[in-house]
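The values are calculated or read from the model by the stated rules, or taken from the named source; none is laboratory data. In this text the structure is predicted, and so the values were computed from the model without any measurement. Heads up, the Cβs are rebuilt from the backbone with ideal geometry, glycines too, and the neighbour counts pull from every protein chain shown.
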Amino acid sequence: MKSKSVQQNDDGTLRALSNRHVQMIAIGGTIGTGLFLGSGSTISKTGPSVILVYLVLGGVFYLMMRAMGEMFYADPSQHTFVSFISKYLGHTVGHFTGWTYWIGLVFVCMAELTAIAGYVQYWFPKLPAWTIELGFLAILMGVNLIAARLFGETEFWFAMIKIFAILAMIATGIFMVLVDFKTPLGHASFNNIFHNFTLTPKGGYNFISAFPMDFFAFLGIEFISITVGEAKNPRTIIKKAVNETIMRILLFYICSLGIIMCIIPWTSLSASSSPFVQVFDLAGFPAAASVINFVVLTSAASSINSGIFSAGRHFYQIATEVDPDSLMGRTFGKISSNGVPAAAILLSAGCMLITPLLSLTATLASAFSFIVSVCCDMYLIVYSLAMVAHRRYRVSDDFLPDGFKMPFYKVTNTATIAFFVVIFISLFFIPQDAIAATGAICWTLLFGVVNWWHGRKTSQARSVE
């Protein structure tokens, strides 16, 4: 039973998410295993220049969120940014974006589910992976089915664990610098960052390739926009979340990476292990590996939790845009009595049940990894379409002159789209990414051909009638 203080939307969803929920969902959705595990690889390739890479990427994502935030401020009743793509770019483009984004969410969640099994097996190596995956999926699906507020509360504490780990590492690092802590690699010092500094220490190729590599560390930042439709005081929250969250994320990334390079000279940093574990090991904390394993476990669970929430809302959005009398419209275009799109959540989580089958053969596992890479590349297309939709919004009758406006949108919107295009093109010059980028283009063309064929058949049927 819903609280009297919780407002109900016209479609039956409830505005149960508070500002603290939305803020932590945004931070937690972006700070993931890429920072805790993968940042060592980036630092080893770019050195201190990695800070510049994150500054540029943070700025671009801030502009993207300002564009999305402006549209949601004008119409906070929408559940996903895809609804604006449908509204301003047409039903076909919106349909493509909705399906593409939903499929991407499902596969990314499946990848995280696979990772969770590995994290748990770190402590319990004999526990079958499929039982771990089913157990986590069942729990997180249940969290999403009960109520949006429970999802928000769960995400809040998941995010708190990640933030606590980052702050603990930063505090440890600062202490080591202040006391001139001596490690087998030398003395901890701020000078380690600038010693023999060059912008491209391992060549221009490694520096440029760091942008697409670190770009994917920011995937998920748009989750804050997806929570707006179920947030209390949505217009106040969206402004606060967009303006403050990106700065907090940059603070966490830049401070943590800077402290890591103060403790461990970047030339001595191992690219194959977590830099957080390396720092805590040097500080004399023997349980570092287990603690960071727990943090990345909760980080992966957080990603799945947010993914199920988002995938359910996106599939619900797709279902509301088809014929309401169709099987899909009748089944998935409805909200349950407790204010969530239960059928859409069940379908999305149900598709993730395929995950335990992927470990059966190496061929399936390789194919799955390829599909995940394709889905990640598709986000670049989805983000670009959202920016184009924003341009259409600015010249539409819906535009609010006194709204939460994107600054200098004619320049900043164009620059953001151009950046996404450049990142996508750069993928073709990176051997391990070129095939997946080609797959993303093939998916786009295939969807267009199928949609054209379906439209042609529908027109022919109507002409016969």
Of the residues that sit in segment 180-225 and are in contact (Cβ under 8 Å) with a residue 24 or more places away in the chain and assigned to a strand (DSSP E or B), which one is surrounded by the fewest Cβ atoms within 10 Å (Cβ to Cβ)?
GLY186
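Each row is one residue, and each column tells you yes or no for (1) surrounded by fewer than 19 Cβ atoms within 10 Å (Cβ to Cβ); (2) at pLDDT 90 or above.
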position	(1), (2)
MET387	no, yes
ASP398	yes, yes
PHE404	yes, yes
THR416	no, yes
VAL421	yes, yes
LEU445	yes, no
VAL449	yes, no
ARG456	yes, no
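Could you tell me whether segment 86-102 includes any residue that is at pLDDT below 85, buried (at least 19 other Cβ atoms within 10 Å of the Cβ) and in a helix (DSSP H, G or I)?
No - not one qualifying residue is present in segment 86-102.
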Against the conditions (1) on the phi < 0 side of the Ramachandran plot; (2) in a loop (DSSP other than H, G, I, E, B), where does VAL177 fall short? Just the number, please.
(2)
Does THR267 satisfy the condition of being part of a helix (DSSP H, G or I), polar (S, T, N, Q), under 20 Å from the mean Cα position of the chain (by Cα) and surrounded by fewer than 23 Cβ atoms within 10 Å (Cβ to Cβ)?
no
Please count how many residues of segment 355-385 are at pLDDT 75 or above, polar (S, T, N, Q) and over 20 Å from LEU134 (Cα atoms).
2
Subset of segment 322-336 [part of a loop (DSSP other than H, G, I, E, B) and over 16 Å from LEU145 (Cα atoms)]:
VAL322, ASP323, PRO324, ASP325, SER326
Here is a check on your reading of the model: is GLY47 more than 15 Å from SER256 (Cβ to Cβ), touching a residue at least 40 places away in the same chain (Cβ under 8 Å) and not aromatic (Phe, Trp, Tyr)?
yes
Segment 297-321, residues that are out of contact with any Gly (no Cβ under 8 Å at 6 or more places or on another chain) and more than 22 Å from ILE224 (Cβ to Cβ)
LEU297
What about MET261, is it surrounded by fewer than 15 Cβ atoms within 10 Å (Cβ to Cβ), outside any loop (DSSP other than H, G, I, E, B) and not small (Gly, Ala, Ser)?
no
